[in-house]
Structures are given as C-alpha cells and as structure tokens.
Amino acid sequence: MSRSLGSLEVGPQGLGCMGMSEFYGAGDERESIAVIHRALELGVTLIDTADMYGPHVNEELVGRALAGRSDYVLATKFGIVREEGGRSIRGDRAYVRSSVEGSLKRLGVDAIDLYYLHRVPADTPIEETVGAMAELVTEGKVRFLGLSEAGADTLRRAHAVHPITALQSEWSLWSRDIEAEIVPTARELGIGIVPYSPLGRGVLTGRFASSADFGKGDFRAANPRFSGENLDANLKMVAELKALADERGVTAGQLALAWVQHRGSDVVPIPGTKRIKYLEENVAAASLELSSDDLAAIEAAVPASAVAGDRYPDMSSIGR
Ligand SMILES: NC(=O)c1ccc[n+]([C@@H]2O[C@H](COP(=O)([O-])OP(=O)(O)OC[C@H]3O[C@@H](n4cnc5c(N)ncnc54)[C@H](OP(=O)(O)O)[C@@H]3O)[C@@H](O)[C@H]2O)c1
C-alpha cells in the first residue's frame, strides 16, 4: 500500500542511504547496493541521499545502484557545504543551480524526483531559494520540492512560492519537537512528512550498550544525546522499550518504527541501514498494527520529555 507526500506517491517506508557512506562506521559498497535492490523488491520506493553525504560519494553509490531501473522515487538534498574545519549553509540562486547539476551528474539521472533544501540558510530569503528550486521544476531537472528541518513560518513562505511536497525532519519516539507547531502547519498546507533518524540513529533498537559501542569517528559519539551520562540515562528508557518489544515478540527497533508509521498516512519514515537483515526487519515494522494502548505503552517507555541531551552539538540551524 502506498502513501502520499503531497501529490507524490511512495511506498509506506523509505530507505535512508547516508550511513552506507559515512557517519555510522564503514560500509561495504556491494552490500549497500544489495540493500537498495532488496528495498525496491520489498516495496520501498523512496530512496534518500544528499550531496553532503560522503561528501558526494553517497550520491554516486545510489546512482550506481539505481542505474537502468525506474522503480524508485529518488530524493536528494543540497545546501550544507562541507569545508575545511566546518560547514556553511547556502541557498542563493547561483548555488542552487550549480548544486543540482552536480547531483544530476553523480546520480546519473535526467531528473531528481524530490529535491530538498537540507537546512534553511540564515542569510538568504527562503523566497530566493525556493524560487530558484522552482525554476528547476520548470526546466524538468526536478519533479517535486522539499525542505529539511524548516520552521513553520519558513514552510508557509516557501509554500507560497511553489508547492512544497515534503518536509524531512527528525521525528522519532525520542525527538518529538516538531509535533507542536511544525507538523500541524505542514498538514494544513498539504505537505507530507518524512521523518529522518526514526530509529534514533540506531539507539532505539537497543543495539548499543554504551558509547564504547560506537566505532572511532562515529558521528554519534560527539553528540550530546549519545555521550556520557546522557546516553546512560537514555539507554534506561531503551531497556523499557526492549522489554515491551520482548513481550510482543518483536524488536525494540520495530516498535520504535511502527510508532512513527502510526503518526499518520502522510508520514513516510526513512530508516537507514547498510544491512539486508536490518532492512527486512524495518520493512516488516511498517505493517505492525498498534492499538492506542500499545502506543501509550511505547510512549510511556520512552517519554520524549525525559530524554537527556540535544540531538546535535549545534542546534542553531534547526527549525529555522
Ligand atoms: N535531513 C537531515 O538532516 C537528515 C539527517 C540525518 C539523516 N537523514 C536521512 O535519514 C536517514 C535515516 O536516518 P539515520 O540513518 O540517521 O538514523 P536511523 O534510521 O534512526 O538509524 C540508523 C542506524 O540504525 C541502525 N539500524 C537500522 N536498522 C536497524 C535494525 N533493524 N536493528 C539494529 N540497528 C539498525 C543502522 O545500522 P547500520 O548502519 O549498521 O545498518 C544505523 O546505525 C539517513 O540515512 C539519511 O538519508 C537526514
């Protein structure tokens, strides 16, 4: 059964490809490509990447996996510029135009199905950025537009320039800050929601016992929520979730994902994995039925208000 993001039809769950190239330890290209192919076989159509993953090599990997096929909906993102010693955010028209050319080339496609602004820049009016993205639609280089981690006001201003099809923001049992204002605004405007990191970057699966389990250079180790006492406190909640999952004969990750899948028919989470076993487990979670009592028990196990630590070391570009 498919779901709708605005007027774009996709499978009920997507696949995040970021971790195949970096952030969560080393990947294996052959296995990653096999994961993408298995996902398509299982009815996952929305394949998610970004120009900054790698940087660039994740788009190339995804391009190789999708070459010669047409059974996918391909999403990528631009706007985070990685540079020596840090990163900046750009959305000026010239940057939009040069970014899309790079992505089209690396992905090996004539058009990108869903093109997101990855973060909202502080110094460029959203009207300029979305205006330039709309030109790409007119030119046939892009089919639908999205924003990532945008605030409610930005969504309204952007949508007034050109219809926004999807908002991609972090949304999971332990990251629920978009629920108060941003989700209702997206729904009012008919914008679909694509929750990223729906497994809490893997922690909600119960797979990690301490920060020592993150390998060298793992992105999570440097984030407040995943380190020191914060992680210890958060893992106690994950243990509660795991106990609930054991009672039901499913995994903690499946409960966490099924909870996100139950947020609404306009919600298409994109769990990320580079392993077929995890992919299959995640896809199975999309058809788990949860009652209102189940949902309440899951929320009581991981109360978002009790989660310790921010999800990024610098939250200044989030919800802008
Ligand atoms: N717009 C944005 O700013 C933004 C930010 C972050 C991510 N994203 C997108 O969202 C996608 C998903 O988010 P994410 O990858 O950060 O987080 P996630 O989906 O919450 O978690 C990914 C982590 O969970 C592990 N995992 C996945 N399924 C599992 C299972 N069934 N059992 C045990 N472990 C499992 C993965 O392990 P393995 O790696 O070992 O498979 C990986 O370490 C990304 O791939 C990316 O495309 C977007």
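The values are calculated or read from the model by the stated rules, or taken from the named source; none is laboratory data. It should be emphasised that the depicted structure is a prediction, and the values quoted were computed from it without experimental measurement. Virtual Cβ from ideal backbone geometry, glycine too; neighbours counted across all protein chains shown.
Points to keep in mind about this one:
- Here TYR53 qualifies as aromatic (Phe, Trp, Tyr) and either under 19 Å from GLY146 (Cα atoms) or more than 17 Å from the chain's Cα centre (by Cα) (or both).
- Subset of the stretch 267-320 [of a type in the set (Ser, Thr, Tyr) and away from the ligand (no atom under 16 Å from the Cβ)]: SER291, SER292, SER305
- Residues satisfying the stated conditions in the stretch 227-271, i.e. surrounded by 15 or more Cβ atoms within 10 Å (Cβ to Cβ) and modelled with pLDDT under 95: SER227
- Of the residues screened, LEU74 is one that is closer than 22 Å to PHE144 by Cβ, in a strand (DSSP E or B) and at pLDDT 95 or above.
- Subset tally (residues that are touching a strand residue (DSSP E or B) at 6+ places or on another chain (Cβ under 8 Å) and either of a type in the set (A, V, I, L, M) or not in a helix (DSSP H, G or I) (or both)) for the stretch 41-64: 11
- Flag for GLY264 being assigned to a loop (DSSP other than H, G, I, E, B), within 11 Å of the ligand (Cβ to nearest atom) and in contact (Cβ under 8 Å) with a residue 12 or more places away in the chain: no
- Total residues in the stretch 122-144 satisfying the condition of being among the hydrophobic types (A, V, I, L, M, F, W, C) and either surrounded by fewer than 19 Cβ atoms within 10 Å (Cβ to Cβ) or free of Cβ contacts under 8 Å to residues at least 12 places away in the same chain (or both): the figure is 3.
- Members of the stretch 286-307 that are under 17 Å from PRO224 (Cβ atoms), within 22 Å of the chain's Cα centre (by Cα) and surrounded by fewer than 16 Cβ atoms within 10 Å (Cβ to Cβ): ALA304, SER305
- Only residues that are of a type in the set (D, E, K, R) and within 19 Å of GLY192 (Cα to Cα) were counted across the stretch 121-169, and they come to 5.
- When we screen LEU290, LEU295 for residues that are touching a Phe, Trp or Tyr at 6+ places or on another chain (Cβ under 9 Å), assigned to a helix (DSSP H, G or I), over 14 Å from THR205 (Cα atoms) and in contact (Cβ under 8 Å) with a residue 24 or more places away in the chain, the only hit is LEU295.
- Picking from residues in the stretch 81-96 that are assigned to a strand (DSSP E or B) and charged (D, E, K, R), the one that is surrounded by the fewest Cβ atoms within 10 Å (Cβ to Cβ) is GLU83.
- Odd one out for TYR278 among (1) surrounded by 19 or more Cβ atoms within 10 Å (Cβ to Cβ); (2) of a type in the set (Ser, Thr, Tyr); (3) not in a helix (DSSP H, G or I): (3)
- Test set (1) under 15 Å from the mean Cα position of the chain (by Cα); (2) more than 30 Å from GLU240 (Cα to Cα); (3) in contact (Cβ under 8 Å) with a residue 40 or more places away in the chain; (4) in a strand (DSSP E or B) - LEU147 fails condition number: (3)
- Residue selected from the stretch 19-34 under the condition outside any loop (DSSP other than H, G, I, E, B) and surrounded by fewer than 24 Cβ atoms within 10 Å (Cβ to Cβ), by the criterion nearest to the chain's Cα centre (by Cα): GLY19
- Taken as a whole, the structure leaves ALA111 outside the set of residues that are modelled with pLDDT of 95 or more, within 22 Å of the chain's Cα centre (by Cα) and within 14 Å of the ligand (Cβ to nearest atom).
- Verdict on SER175 being more than 20 Å from ARG3 (Cα to Cα), within 14 Å of the ligand (Cβ to nearest atom) and under 16 Å from the mean Cα position of the chain (by Cα): yes
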